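This report concerns only the one structure given below.
The values are calculated or read from the model by the stated rules, or taken from the named source; none is laboratory data. Because the structure is predicted, anything quoted here is derived from the model rather than measured. All Cβ positions, glycine included, derive from the backbone under ideal geometry; neighbour counts span all protein chains shown. Heavy atoms of the whole protein, side chains included, go into the accessibility calculation; ligands, DNA and RNA do not. Shrake-Rupley method; radii C 1.70, N 1.55, O 1.52, S 1.80 Å.
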Amino acid sequence: MNDMSDPRAGFTNMTEGKSEDYQIIVDHFKTYSKQLPGRILDHMQLLKGDFGGFPIDRLEHSLQTATRAHKDGQDEEYVVAALLHDIGDTLGTFNHADIGAAILKPFVSSKLHWILETHGVFQGYYFFHHIGLDRDMREKYRGHEFFEDCAHFCEAYDQAAFDKNYVSAPLEFFEPMVRRVMASPKQSIYVTE
């Protein structure tokens, strides 16, 4: 957290800003961006105790999903995506998948980003028909190069991760992975080649 003694830009609107002002902002950004993994891990704690009617809380669901992917030999990027796939549940009640995808977009492959972004529709295959929705909604994506990848993610890891008796790795186990994956963005307007 910044305190009042930290250097700050002197403008009241951005058109008045000088190079020195923006250098102050860039210096702060460098420090703040390195703290992102910690903020993400802290936010995951908000999922603890949030059952939403499910047999386990949302944190345990996330841990089970990631543990299953890890035990299946998926790489760290995939495991971190599995861990964070539902991080948006607390803020994006109607679009949770978009939030997890947006958070991880700078750090993961286009395939994993697409899986994160569309997993909500693909997950619906397992329950939409029970709540009056079309379980085959995912068919609108049939033919997409990552269709089968997302279907596999949901079948093997996401829909299977509601077991009260499953022994998941704790969040601390995944912390180093989150820190490594989020250490250097692959794509962002703030990253130059």
Among the listed pairs LYS111/LYS186; LYS34/LYS186; LYS71/LYS140, those beyond 23 Å (Cα-Cα): LYS71/LYS140
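What does the helix-only formula give at 222 nm for the chain: each DSSP H stretch with n ≥ 4 adding -39500 (n - 2.57), the total divided by the residues, and the result rounded to the nearest 500 deg cm²/dmol?
That comes out to -14000 deg cm²/dmol.
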Cβ-defined net charge surrounding ALA156, 12 Å radius [Lys, Arg +1; Asp, Glu -1]: -3
With all protein chains modelled, accessible area of SER184 [1.4 Å, Å²]: 80 Å²
Separation between Cα centres of segment 84-117 and segment 9-53, rounded to whole Å: 18 Å
0 to 90° range, to nearest 10: angle between helix 110-123 axis and the chain longest Cα axis: 50 degrees
Accessible area (Å², per residue) of the chain, counting only protein heavy atoms and a probe of 1.4 Å: 59 Å²
Accessible surface of LYS34 - all protein chains present, 1.4 Å probe, nearest 10 Å²: 150 Å²
Share of Cα-Cα pairs in segment 54-165 lying beyond 20 Å, as whole percent: 35 percent
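Please state the charge dipole magnitude for the chain, taken about the Cα centre, from unit charges on C-beta atoms (+1 on K and R, -1 on D and E), reported in debye and rounded to the nearest 20.
Numbers: 19 positive and 30 negative charges, 12 e Å.
Charge dipole of the chain: 60 debye, to the nearest 20.
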Sulfur and carbon atoms: percent of accessible area, segment 13-133 [1.4 Å]: 58 percent
Tilt relative to the chain, helix 58-71 - C-alpha long axis, 0 to 90 degrees, to 10: 80 degrees
Shape of the chain, Cα gyration tensor, a/c cut at 1.5: prolate
Rough spin-label spacing in nm, given labels placed 7 Å along Cα→Cβ, for ARG135 and ASP57: 3.1 nm
